[in-house]
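Input: a single structure, listed below in structure tokens.
The values are calculated or read from the model by the stated rules, or taken from the named source; none is laboratory data. Note that the coordinates shown come from a computational prediction; the quantities given were computed from them, not determined experimentally. Note that we place each Cβ from the backbone using ideal geometry, even for glycine, and neighbour counts take in every protein chain shown.
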Amino acid sequence: MLKRSREKRTKELPALQNAIEGQVVTRLPPEPSGYPHIGHAYAGYINWFYARKYKGHLILRFEDTNPRNVQSEYYEAFKKGYRWMEIDWDEELNVSDDMPYFYDHAKQLLGRGDVYFCACPAEEISENRRKGRVCPHRQSNKENNQQIWDDIIDGKYEEGQIVCRLRIDMSHSNAVMRDPNIFRIIDYSHPIQGDRYRLWPTYDFANALEDYRNQISHVLRSNEFASRGELQAYIRDLFGYPQPVIQEWSRFSLEGSPVSKRKIRPLIESKKISGWDDIRLPTLSGLRRRGIIPEAIREMTREVGLSVAQPIVDWSLLLGINRKLVDAIANRYYCVTEPILVEISDGKQFSAEIPYHPDFSDRGARQITIKDHVHIDGQDAKQLSKGDIFRLKHAFNLQVEKKTAKSIKCVFAGDVLEQAELKIQWVTSDSIPVQLFVPDVLFIKDKFNPKSLQIIEGFGERTLMVLKSGTIVQLERKGFGYVERDGEKVKINLTE
RNA sequence: GCCCUGAUAGUGUAGCCAGGUCAAUCAUCAUGGGCUUUCGCCCCGUGGACCCGGGUUCGAAUCCCGGUCAGGGCACCA
């Protein structure tokens with residue numbers, strides 16, 4: 001079939017620098033503190049793509065070193081999300097399992113006097129760092145440090161009382177390098193480690209060492225970490241560890257669709273949206289329920305690429321790609337809204353045969369029997385006036401005899417198919433109620449869009465009853481949608 | 001306040017490092033037509049951009065300087 005010629009124009013991601021086949025190791029580094037969203041899918045696909053392209057190794061690594069953030073259900077949520085994206089990994093680990101490793105490295109630094117304990121309040125540390133000002137704690141000697149470390153472990157200090165800082169340079173131009181905090185006390189039970197630890201490494205310390213420990217060859221990440229790279233490299237240098245290749249791109253977002261918990265949680269709490277899988281959300285579960293397929297997200301990722309500009313992608317890019325991909329998948333069904341009764345005065349019984357897909361006759365067809373009336377869409381009815389001839393699609397022609405606000409009386413007008421005539425979808429009296437959920441952008445100029453979801457009551461052909469939740473269909477002339485069964489009720493989330 | 005990035009059609013993106021072949025690529029979008037028992041898909045055509053100012057050069061989207069705007073960082077978050 002020469003219709004489907006899409007493959008030839010999809011873009012590829014560029015070659016990776018310093019990549020040797022068989023020696024590329026990349027990582028999926030989620031923090032299990034929420035649900036996976038399109039940003040995770042984006043970064044995940046890039047890491048997966050290069051690991052596979054160079055026949056390398058992909059590690060799923062849960063960055064769970066802040067017990068106050070992480071929850072066990074999210075570990076599973078990420079695995080589910082990556083699997084849905086068809087991103088498979090070769091190895092799975094939790095950074096929190098490597099606490100002895102971090103402690104061992106910290107002890108080495110303690111012994112060398114590269115760190116000190118700082119008891120300044122958090123705001124003061126922050127202010128001093130901004131101003132490049134040194135605090136008195138910087139002068140402490142290393143013998144005391146060893147003792148303080150042990151005292152912290154023994155619980156002689158409270159959370160927030162003291163932190164462990166790396167002695168670098170308080171006047172460094174990159175403020176990240178101004179004696180960063182590498183360990184702090186968090187008295188909170190960890191979903192995997194329980195109460196075993198109270199002194200936890202910060203992101204830069206754990207990440208820098210963990211990348212070495214995992215023998216990561218290429219760190220592929222979004223550039224909100226750009227200025228931390230210098231510190232992470234410094235930490236590895238402290239131990240003489242080699243540096244991975246770092247490739248960064250800008251964090252990307254979909255227009256009007258924030259991914260941050262800060263913005264989404266209030267909407268859920270105030271019931272403006274239904275939950276983390278609301279079809280307006282760019283979470284993976286939201287996108288799935290909206291009828292977006294993983295390949296569309298992958299193609300969009302290739303299209304946007306590893307750009308360092310700040311992409312704010314319009315939904316039309318994702319939706320356009322999705323529509324083209326889903327066209328071949330989705331079987332066609334009839335559904336009408338604002339139904340208008342069409343009475344066929346001289347109606348004889350007619351059995352219509354409607355193919356499931358216009359391009360794939362092998363998918364078969366369903367038979368629907370029309371007796372003396374059908375319902376058509378209110379919008380279509382508006383276009384009809386007395387004397388008009390139109391066709392019930394895949395059935396026969398009718399001529400309008402009389403039209404009222406609620407119904408149209410018609411007379412049979414033959415079954416010869418005419419090219420130019422209006423062809424409209426219809427349902428019979430055994431149709432089922434269908435709820436259509438029509439999403440729109442969640443935020444307009446940073447404000448919640450109260451019209452972001454429209455719920456439309458419709459009537460669909462009975463055949464829809466047999467579809468399972470998760471099926472992607474096309475309601476002809478209404479759009480593609482994702483079917484959800486709610487007991488006997490059929491709900492369809494329209495993709496756009 | 002300081003530091004680091006970036007700026008190409010409505011949106012995203014290629015080109016920039018190694019200046020000419022760029023009257024600037026591709027996708028999406030818009031629009032006209034074809035195909036079609038859908039307003040979908042597919043096919044053909046059309047439309048639309050190098051942030052601003054200066055400099056270097058025979059020649060600048062590309063190099064240099066200044067500005068503007070945007071994003072990120074300066075967390076006991078990652």
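Note on the stretch A:333-408: enclosed strands (runs of 3 or more DSSP E) holding 1 or more residues that are farther than 29 Å from A:TYR482 by Cβ and within 12 Å of RNA strand B (Cβ to nearest atom) are A:350-355, A:389-392, A:397-403. Does the stretch A:208-219 include one or more residues that are closer than 30 Å to A:VAL308 by Cβ and within 7 Å of RNA strand B (Cβ to nearest atom)? No, the stretch A:208-219 contains no residue that is closer than 30 Å to A:VAL308 by Cβ and within 7 Å of RNA strand B (Cβ to nearest atom).
Would you point out the residue of the stretch A:361-375, among those that are touching a strand residue (DSSP E or B) at 6+ places or on another chain (Cβ under 7 Å), of a type outside the set (A, V, I, L, M) and within 15 Å of A:LYS409 (Cα to Cα), that is modelled with the highest pLDDT? Filtering the stretch A:361-375 for residues that are touching a strand residue (DSSP E or B) at 6+ places or on another chain (Cβ under 7 Å), of a type outside the set (A, V, I, L, M) and within 15 Å of A:LYS409 (Cα to Cα), the one modelled with the highest pLDDT comes out as A:HIS375. A:LEU267 meets the stated requirement of being part of a helix (DSSP H, G or I), touching a strand residue (DSSP E or B) at 6+ places or on another chain (Cβ under 9 Å) and at negative phi. Within the stretch A:290-314, the set of residues being of a type in the set (A, V, I, L, M), assigned to a helix (DSSP H, G or I) and either surrounded by fewer than 20 Cβ atoms within 10 Å (Cβ to Cβ) or under 12 Å from the mean Cα position of the chain (by Cα) (or both) comprises A:ALA296, A:ILE297, A:VAL304. Only residues that are at positive phi and not in a strand (DSSP E or B) were counted across the stretch A:448-496, and they come to 3. For the stretch A:17-25, the condition of being within 15 Å of RNA strand B (Cβ to nearest atom) and modelled with pLDDT under 95 holds for at least one residue.
Residues in the stretch A:433-450 that are within 24 Å of A:VAL490 (Cα to Cα) and of a type in the set (S, T, N, Q): 1 in all.
From the list A:LYS107, A:LYS131, A:LYS80, exactly one residue is basic (Lys, Arg) and closer than 30 Å to A:ALA296 by Cα. Which is it? Unique residue meeting the criteria: A:LYS80. The lone criterion from (1) at pLDDT 95 or above; (2) farther than 29 Å from A:VAL441 by Cβ left unmet by A:PHE350 is number (1).
Just one of the numbered conditions (1) crowded, with 16+ Cβ neighbours inside 10 Å; (2) near RNA strand B (Cβ under 10 Å from one of its atoms); (3) more than 38 Å from the chain's Cα centre (by Cα) is not true of A:GLU158: (1).
A:TRP276: among the hydrophobic types (A, V, I, L, M, F, W, C), touching a strand residue (DSSP E or B) at 6+ places or on another chain (Cβ under 9 Å) and within 14 Å of RNA strand B (Cβ to nearest atom), yes or no? Considered against the rule, which asks whether it is among the hydrophobic types (A, V, I, L, M, F, W, C), touching a strand residue (DSSP E or B) at 6+ places or on another chain (Cβ under 9 Å) and within 14 Å of RNA strand B (Cβ to nearest atom), A:TRP276 comes out as no.
If I filter the stretch A:282-289 for residues that are of a type in the set (Ser, Thr, Tyr), crowded, with 16+ Cβ neighbours inside 10 Å and touching a helix residue (DSSP H, G or I) at 6+ places or on another chain (Cβ under 7 Å), do I get at least one hit?
From the stretch A:282-289, those of a type in the set (Ser, Thr, Tyr) are A:283, A:285; that's our starting set.
From what is left, the residues that are crowded, with 16+ Cβ neighbours inside 10 Å are A:283, A:285.
This time we only want the ones that are touching a helix residue (DSSP H, G or I) at 6+ places or on another chain (Cβ under 7 Å), so: none.
No.
Within the option set A:TYR203, A:TYR234, being over 23 Å from A:TYR50 (Cα atoms), under 25 Å from the mean Cα position of the chain (by Cα) and in contact (Cβ under 8 Å) with a residue 40 or more places away in the chain holds for one residue only, A:TYR203. Within the stretch A:381-401, the set of residues being over 21 Å from A:LYS348 (Cβ atoms) and surrounded by fewer than 20 Cβ atoms within 10 Å (Cβ to Cβ) comprises A:LYS382, A:GLN383, A:SER385, A:LYS386, A:GLY387, A:ASP388.
Inspect all residues belonging to the stretch A:319-331 and state whether any of them is without any contact (Cβ under 8 Å) to a residue 60 or more places away in the chain, crowded, with 17+ Cβ neighbours inside 10 Å, within 10 Å of RNA strand B (Cβ to nearest atom) and assigned to a helix (DSSP H, G or I). Even if it seems obvious, please write down each step before you answer.
Residues of the stretch A:319-331 that are without any contact (Cβ under 8 Å) to a residue 60 or more places away in the chain, as a first pass: A:320-321.
Next, from what is left, pick out any that are crowded, with 17+ Cβ neighbours inside 10 Å: A:321.
Now narrow it down to the ones that are within 10 Å of RNA strand B (Cβ to nearest atom): A:321.
Going one step further and asking which of them are assigned to a helix (DSSP H, G or I), we end up with A:321.
Yes.
A:SER227: assigned to a loop (DSSP other than H, G, I, E, B) and within 13 Å of RNA strand B (Cβ to nearest atom), yes or no? When the stated conditions are applied, A:SER227 does not pass them.
Mind telling me which of the residues A:PHE443, A:PHE480 ends up being in contact with a Pro (Cβ under 7 Å, 6 or more places away or on another chain) and more than 26 Å from A:ASP372 (Cβ to Cβ)?
Working: A:PHE480 fails: in contact with a Pro (Cβ under 7 Å, 6 or more places away or on another chain).
So the residue among A:PHE443, A:PHE480 that is in contact with a Pro (Cβ under 7 Å, 6 or more places away or on another chain) and more than 26 Å from A:ASP372 (Cβ to Cβ) is A:PHE443.
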